[in-house]
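The structure appears below as structure tokens.
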Amino acid sequence: MTDYWNAELETKPWPELERWQAAQATALLPALRRRSVLYARLHANVPDDLVLRFAADLAALPFTLKDDLRAAQDAASDDRPFGDNQAAAQQDIVQAISSSGTTGRPLYYALTARDVETIGDAVANVWFTAGIRKDDVVAHLVGLPMVAGGLPYADGFRRIGATLCWLGGFPTERILREMRHLRVTALLATTSFALHLAGQWDAIGRETGIASRLAKVIGGGEPGLGQPELRRRIVDGLALTHLRETMGLGDVIPSMWGECEAEDGMHFNARGHAMIELIDPDSGEQLPWREGATGEIVYTALDREATPVVRYRSRDHATVVAMGCACGRTGPRIRCIGRTDDMLIYKGMNVFPTAIRDLVVARFAGRIEPVLRLWKERRDQVRFDQAIEVDVEAASALDAAARDALAREIEDAVRGQLQVRIAVSVLERGGLPRGVYKNAIAAVREA
Ligand SMILES: [Zn+2]
């Protein structure tokens with residue numbers, strides 16, 4: 001018997017849910033044009049009496065791009081610190097969220113008290129779907145409260161009634177010890193950290209003398225948990241009963257997707273607060289949600305007061321694993337396959353580094369470690385006309401000839417499956433940096 005956070009919305013037949021959401025979107029649009037300078041401009045040609053009946057009707061509206069949000073923020077003033085998309089009065093704004101700002105100036109999003117409530121509900125819905133309950137003691141390791149994964153994630157755990165232990169910000173050694181002392185049962189971590197932890201959790205246990213109670217890990221922040229070998233490593237290393245993937249977007253709602261007990265693709269858990277579309281990233285055409293469909297996810301916030309977005313292009317690419325689920329939740333179950341920003345072009349063909357990694361790690365499981373490093377000449381290199389240089393790490397001691405033979409085998413497998421030429425070096429065991437799973441995907445030669 002499945003427990004739901006919001007049984008009505010989670011189990012409503014998908015077309016019915018879309019009709020319900022479309023009615024919400026219809027009602028918000030005219031008011032949005034009055035509240036947001038950005039949408040007064042972007043939606044200048046949208047008729048006031050536009051009625052959206054289905055998700056497909058959203059195609060009548062233009063997309064909102066990250067660049068639109070940047071330009072809107074650049075128009076910040078003393079009265080409107082969040083710029084042209086500040087759709088609430090300053091005295092009603094209670095919190096600012098920052099994007100990570102790893103590329104360029106960070107973007108800021110504002111929350112009213114009601115936004116804090118609605119986002120808390122959506123995030124709690126994801127954590128609940130991922131198996132977090134009142135009796136869990138949760139370690140939250142994000143060190144920066146202001147980022148999307150900071151306070152908003154913490155709010156979701158408190159909303160469920162779990163015990164929040166905000167350990168992020170302490171040195172790693174202390175975090176690991178405190179997790180034992182506090183009898184932590186659940187952990188929210190990046191895939192890299194979970195992998196890193198799996199390698200040293202036993203040593204911490206010996207040091208503190210306290211048995212592990214950790215049973216649940218929610219992982220996210222980077223694609224990877226779709227990979228069975230990596231999943232197995234983490235589950236075995238930490239003796240987990242739950243390993244669930246999550247995904248969200250600070251610009252919309254920091255966490256919106258989460259896996260159920262099937263652990264086979266993420267359900268959309270923000271149904272009361274956002275509407276989703278799948279599009280072809282090149283043409284912008286809508287794609288139907290059906291098993292096997294692949295595209296970019298587009299979000300429309302349904303009840304955001306302060307910095308709303310309509311048809312926002314996430315740059316997250318996903319594949320639909322299935323429609324519906326044995327757990328009773330309706331709609332698409334997805335896996336994230338990468339971000340537009342990570343995509344490489346090999347001789348005119350799009351390829352995600354994660355597609356190369358997933359293929360290699362799955363095909364050569366047991367012979368190589370589940371990590372891979374792809375080299376770029378420059379940080380912004382996207383095009384490759386020569387074979388892409390890739391390092392992998394042997395799982396056992398091999399002589400030079402055996403490493404060479406393995407490298408050729410991997411190159412052939414990738415060429416056969418993805419039509420991409422790579423030039424593989426097989427390093428000795430321990431040759432690749434650990435705990436930097438995400439960065440290791442694309443290292444820069446000159447850096
Ligand atoms: Zn399910």
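What follows is calculated from the coordinates using simple rules that are stated; it is not laboratory data. Computed from a predicted structure; not experimentally measured. Ideal geometry is used to build each Cβ from the backbone, glycine not excepted, and the neighbour counts take in all protein chains shown.
Side notes on the structure shown:
- Between 0 and 90°, nearest 10: helix 353-363 axis offset from the chain longest Cα axis: 40 degrees
- Highest-MSF residue in the chain out of Glu393, Glu207, Glu178 [GNM, Cα springs under 10 Å]: Glu207
- Distance from segment 281-326 to segment 1-64 (C-alpha centre basis), Å: 13 Å
- Average Cα contact separation per residue, segment 99-171, under 8 Å, 6 or more apart, as relative contact order %: 35 percent
- Helical runs assigned H by DSSP (4 residues or longer) give the chain a calculated mean residue ellipticity at 222 nm of -9500 deg cm²/dmol, each run adding -39500 (n - 2.57) before division by the residue total.
- Label-reachable residues, segment 346-363, where backbone N falls under 19 Å from a point 7 Å from Gln381's Cα toward its Cβ: 346-357
- In a fully extended conformation the segment linking Thr340 and Arg206 would gain 43.9 nm over its present Cα-Cα distance, using 0.36 nm per residue.
- Take every Cα pair under 8 Å whose residues are at least 6 apart in sequence, average their separation, divide by the length of segment 215-311, and the relative contact order is 19 percent.
- C-alpha long axis of helix 172-181 to longest principal axis of the chain, angle in °: 80 degrees
- Amide H to amide H distances under 5 Å link Ala148 with Ser98, where only residues 5 or more positions off or on other chains count and H is placed in the peptide plane.
- Largest mean-square fluctuation among Arg133, Arg105, Arg159, in a Gaussian network model of the chain whose springs join Cα atoms under 10 Å apart, belongs to Arg105.
- Fluctuation leader among Arg244, Arg333, Arg53 - the chain, Gaussian network, Cα springs under 10 angstrom: Arg53
- Inter-label distance, Arg41 to Asn350: 2.7 nm, where each label sits 7 Å from its Cα along the C-beta direction.
- Pairs of Lys residues in the chain, spaced 8 or more positions apart or belonging to different chains, with C-alpha separations under 23 angstrom: 5 in total.
- Pairs of Cα atoms nearer than 8 Å and 6+ residues apart set the relative contact order; for segment 335-433 it is 27 percent.
- Fewest-first ranking of Arg180, Arg363, Arg174, using other Cβ atoms within 10 Å as the exposure measure: Arg174, Arg363, Arg180
- Additional length obtainable on full extension of the chain from Ala75 to Ala23, 0.36 nm per residue less Cα span: 15.6 nm
- Put simply, segment 297-447 fits an ellipsoid with semi-axes of 34, 19, 15 Å; these come from the alpha carbon gyration tensor as the roots of five times its eigenvalues, largest first.
- In the distance distribution for the chain, Cα-Cα pairs more than 40 Å apart total 20 percent.
- Counting DSSP beta bridges with both ends in the chain, the antiparallel % (nearest 5): 55 percent
- If you bin all the Cα-Cα distances of segment 1-150 at 10 Å, starting from zero, the percentages per bin are 9, 28, 35, 24, 5, 0.
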